[in-house]
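Notes follow the structure.
The values are calculated or read from the model by the stated rules, or taken from the named source; none is laboratory data. From a predicted model like this one, the values you see are computed outputs, not experimental measurements. Methodologically, a virtual Cβ is constructed for each residue, glycine included, from the backbone with ideal geometry; neighbour enumeration extends over all protein chains shown. Just the protein is used for accessible areas: all its heavy atoms, side chains included, with ligands, DNA and RNA removed. Shrake-Rupley method; radii C 1.70, N 1.55, O 1.52, S 1.80 Å.
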Amino acid sequence: MSGSSAALQPPPDAVDPVRHPDAPAPGELLGSHYAACCGCGGEQPHGLHLQARAGEGVRITAEFTVQPSHQGAPGLAHGGVLATALDETLGSLNWLLRTIAVTGRLETDYVRPVPVGTTLHLEAEVTAVAGRKIYSRATGRVGGPDGPVAVRAEALFVEVKVDHFVDHGRDLEIQAAMNDPDQVRRVRAFEVNP
């Protein structure tokens, strides 16, 4: 980062992150936590459809291809879409901690333009944990996993209880998710919220 804020610096008593024993295995596709999620959900026609895979330790990789509906300037990805991709990728790290958490702060650096049709290759890792706070960073590259850096971010996620979503979500979607006959989908909708 070009100088992240003090809010993204772990305190001196922060600890190294620990991968949960029930975390998805390295290489495993994480899948969508909720079908209507604009970042990873398959039911969003203009969503990112971002696909993340568990990595080693507390790392993941992800990718998405910039579609015409994702552009800001003609032929280029909108900065907000790129921030969404970074946020979704960073949030997916919580699968490895088996923690329900939400974004508290996200700082993004835009290094180079990302053209429509480009696949953005993302890598993220949790760097520290301090109580309910989870510190992480991500990098997005064009042209392949080792290509030039296009975007990068640092983030602070905050652990919450499932009540956070029930108390603040829209009733129609909350009830639909809670009434889903597929128990796995029902649990996953509230399990992790990138």
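Taking N as the residue count of segment 1-154, its C-alpha radius of gyration divided by 2.2 N^0.38 Å amounts to 1.01.
The Cα center of segment 31-75 and the Cα center of segment 83-113 differ in position by 12 Å.
Ranked from the most accessible area to the least, with a 1.4 Å probe and all protein chains present, what is the order of R152, R105? Provide the component values of the computation, followed by the final result.
Working: R152 80, R105 100 Å².
My answer, sorted largest first, is R105, R152.
Stretching the chain fully between Q9 and E43 yields a gain of 8.6 nm (0.36 nm per residue, less the alpha carbon separation). At the residue level, L29 shows approximately 70 square angstrom of accessible surface with a 1.4 angstrom probe and all protein chains present. The Cα-based radius of gyration and maximum Cα-Cα distance (Dmax) for segment 85-157 are 12.7, 41 Å.
Here the simple spin-label model places points 7 Å from the Cα toward Cβ, and for A130 and T65 these points are separated by 4.2 nm. Across segment 131-139, rounded Karplus estimates of 3J(HN,Hα) from the backbone phi angles (6.51 cos²θ - 1.76 cosθ + 1.60, θ = phi - 60°) give x, 8, 9, 10, 9, 8, 8, 8, 9 Hz, Gly and Pro being marked x.
Please work out the Cα convex hull volume for segment 60-122 and give it in Å³ per residue. Present the calculation step by step, with values, prior to reporting the outcome.
Details: hull volume 5.5 nm³, N = 63.
Given the Cα convex hull of segment 60-122, per-residue volume reads 87 Å³.
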